[in-house]
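These notes concern the structure reproduced below.
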Amino acid sequence: KIPVIIDCDPGLDDAVALLFAFGCAGLDVKAVTAVCGNQGLEKTFLNARKITAFAGMDIPVAGGAVKPLRRSPVTAAYVHGSDGLGGLELPDPPPASSPDAVTLMGNIIEKSPDPVSLVAIGPLTNVAQLLSSRPGLKPNIKVISLMGGAVEGGNVTPRAEFNIYADPDAAAIVFSAGVPIVMAGLDVTKKALMFEADAAELRRTGRRIPVFAADIFERYFRYYREQGIEGCYLHDPCSVAYLLDPSLFTSGKMHVSVGTSDGELLGATVCSGPDSAEKQANAEVLLDIDRPRFIKMVKDALNSY
Ligand code: BDR
Ligand code: CA
């Protein structure tokens, strides 16, 4: 089993990524940490605890950064609602009892006999703080499988994707940390489409977790329909799927730098390669996905509860 920590900002697709990961026999999710992003930390932390408890997972959940390293917070309530979960109700979780996110991640990585993989599906503030404050732990991080950025295009500005734009300074630290990085950017996540028929299939099971996932997809479909898009993008679950089966994806090794100054490139991931001679690759960038196989994997995991 692959030991994993999931750093997230639930978030509708984060919620799906968590339920997907918890339902996968190949992953050993050691902890969940929350960061401010789609909503403020108070809400993303509460949502992370609610989802973890709802899935019956007895693992620590910790809260991390309340704001980006240097910039003012930006949220995505327009996608995920004012509570970060599209108004979906879940039972109250047990009170929080873990140390802060960076301490928890550090402790787990330090003690783990096998290198730990990080799935980072929110802004990279917590991960950057971990790498800066405990650089000695880097050799015991197997990979950072992150959702963020894009080779081309953006979803907040014409060039920037939300997770990177929300804390570009943190992203710049992570991409230059010398830890193996797999970037699932919009190039691939916009191909990771879930359709209404898939959600209907989950609903028909009548079981708690797949039906809840179908409710999430309903909220998501509504948002995307308004944009003229059929189905919804499963951005964050791509970073979980990569750990389980990299062969779902085609990818290229690239050098990725992050725009941290005001202007057109703020929050953009500037990707060069794979042929660029002058800069060494610092990330494996996912470019395409076997959608049917990916969707089946997500549905199987959700149905496994
Ligand atoms: C990313 O931004 C968030 O709104 C989603 O949860 C995902 O992590 C997509 O750009
Ligand atoms: Ca997210």
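Okay, residues lined up against (1) aliphatic (A, V, I, L, M); (2) in contact with a Pro (Cβ under 8 Å, 6 or more places away or on another chain); (3) farther than 21 Å from Asn107 by Cα:
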position: Lys30; (1), (2), (3): no, yes, no
position: Thr33; (1), (2), (3): no, no, no
position: Gly37; (1), (2), (3): no, yes, yes
position: Lys43; (1), (2), (3): no, no, yes
position: Ala48; (1), (2), (3): yes, yes, no
position: Gly84; (1), (2), (3): no, yes, yes
position: Asp92; (1), (2), (3): no, no, yes
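Could you tell me whether region 102-109 includes any residue that is within 16 Å of ligand 2 (Cβ to nearest atom) and either in a helix (DSSP H, G or I) or not charged (D, E, K, R) (or both)? Show your work before the answer.
First, pick out the residues of region 102-109 that are within 16 Å of ligand 2 (Cβ to nearest atom): none.
Looking for residues that are within 16 Å of ligand 2 (Cβ to nearest atom) and either in a helix (DSSP H, G or I) or not charged (D, E, K, R) (or both), one finds none in region 102-109, hence no.
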Looking at region 234-276, which of the residues that are charged (D, E, K, R) and over 26 Å from Asp290 (Cβ atoms) is farthest from ligand 1 (Cβ to nearest atom)? Asp262
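Can you go through Ile209, Ile229 and tell me which one is surrounded by 20 or more Cβ atoms within 10 Å (Cβ to Cβ) and either within 20 Å of Gly11 (Cα to Cα) or within 16 Å of ligand 2 (Cβ to nearest atom) (or both)?
On the way: Ile229 fails: surrounded by 20 or more Cβ atoms within 10 Å (Cβ to Cβ).
Going through Ile209, Ile229 in turn, just one is surrounded by 20 or more Cβ atoms within 10 Å (Cβ to Cβ) and either within 20 Å of Gly11 (Cα to Cα) or within 16 Å of ligand 2 (Cβ to nearest atom) (or both): Ile209.
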Out of (1) loosely packed, with under 15 Cβ neighbours inside 10 Å; (2) basic (Lys, Arg); (3) part of a helix (DSSP H, G or I), the odd one out for Arg49 is which? (1)
Failed item in (1) modelled with pLDDT under 95; (2) within 21 Å of the chain's Cα centre (by Cα), with Pro274 passing the rest: (2)
Taking the options Ala150, Ala166, name whichever one is within 21 Å of Phe45 (Cβ to Cβ), hydrophobic (A, V, I, L, M, F, W, C) and within 16 Å of ligand 2 (Cβ to nearest atom). Ala166
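Yes or no: Ala96 over 18 Å from Asn163 (Cβ atoms) and surrounded by fewer than 18 Cβ atoms within 10 Å (Cβ to Cβ)?
Working: over 18 Å from Asn163 (Cβ atoms): yes; surrounded by fewer than 18 Cβ atoms within 10 Å (Cβ to Cβ): yes.
Here the answer is yes, as Ala96 does meet what is asked.
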In this structure, is Glu264 touching a Lys or Arg at 6+ places or on another chain (Cβ under 7 Å), of a type outside the set (A, V, I, L, M, F, W, C) and either more than 19 Å from Ala120 (Cα to Cα) or not in a strand (DSSP E or B) (or both)? yes
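Any idea how many residues of region 1-46 are aliphatic (A, V, I, L, M), in a helix (DSSP H, G or I) and within 12 Å of the chain's Cα centre (by Cα)? Walk me through how you get there before you give the answer.
Here is the first cut: in region 1-46, the residues aliphatic (A, V, I, L, M) are 2, 4-6, 12, 15-19, 21, 25, 27, 29, 31-32, 34-35, 41, 46.
Now restrict to residues that are in a helix (DSSP H, G or I): 12, 15-19, 21, 41, 46.
Remaining after also requiring within 12 Å of the chain's Cα centre (by Cα): 12, 15-18, 21.
Count: 6.
Does region 282-299 include one or more residues that are part of a helix (DSSP H, G or I), within 16 Å of ligand 2 (Cβ to nearest atom) and farther than 26 Å from Leu27 by Cβ?
Within region 282-299, the first condition is being part of a helix (DSSP H, G or I), and the residues that meet it are 291-299.
Pick out the ones that are also within 16 Å of ligand 2 (Cβ to nearest atom) and you get 298.
Imposing the further condition that a residue be farther than 26 Å from Leu27 by Cβ reduces the set to none.
Taking every residue of region 282-299 in turn, none turns out to be part of a helix (DSSP H, G or I), within 16 Å of ligand 2 (Cβ to nearest atom) and farther than 26 Å from Leu27 by Cβ.
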Filter region 158-187 for residues that are more than 9 Å from ligand 1 (Cβ to nearest atom), surrounded by fewer than 24 Cβ atoms within 10 Å (Cβ to Cβ) and either modelled with pLDDT under 95 or assigned to a helix (DSSP H, G or I) (or both) and give the result. Asp169, Ala172, Ile173, Asp187
Scan (1) farther than 22 Å from Leu244 by Cα; (2) assigned to a strand (DSSP E or B); (3) within 15 Å of ligand 2 (Cβ to nearest atom) for the single condition Ala62 breaks and write down its number. (3)
Against the definition (more than 19 Å from Val16 (Cα to Cα) and within 16 Å of ligand 2 (Cβ to nearest atom)), how does Ala177 come out, yes or no? no
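The values are calculated or read from the model by the stated rules, or taken from the named source; none is laboratory data. From a predicted model like this one, the values you see are computed outputs, not experimental measurements. Virtual Cβ from ideal backbone geometry, glycine too; neighbours counted across all protein chains shown.
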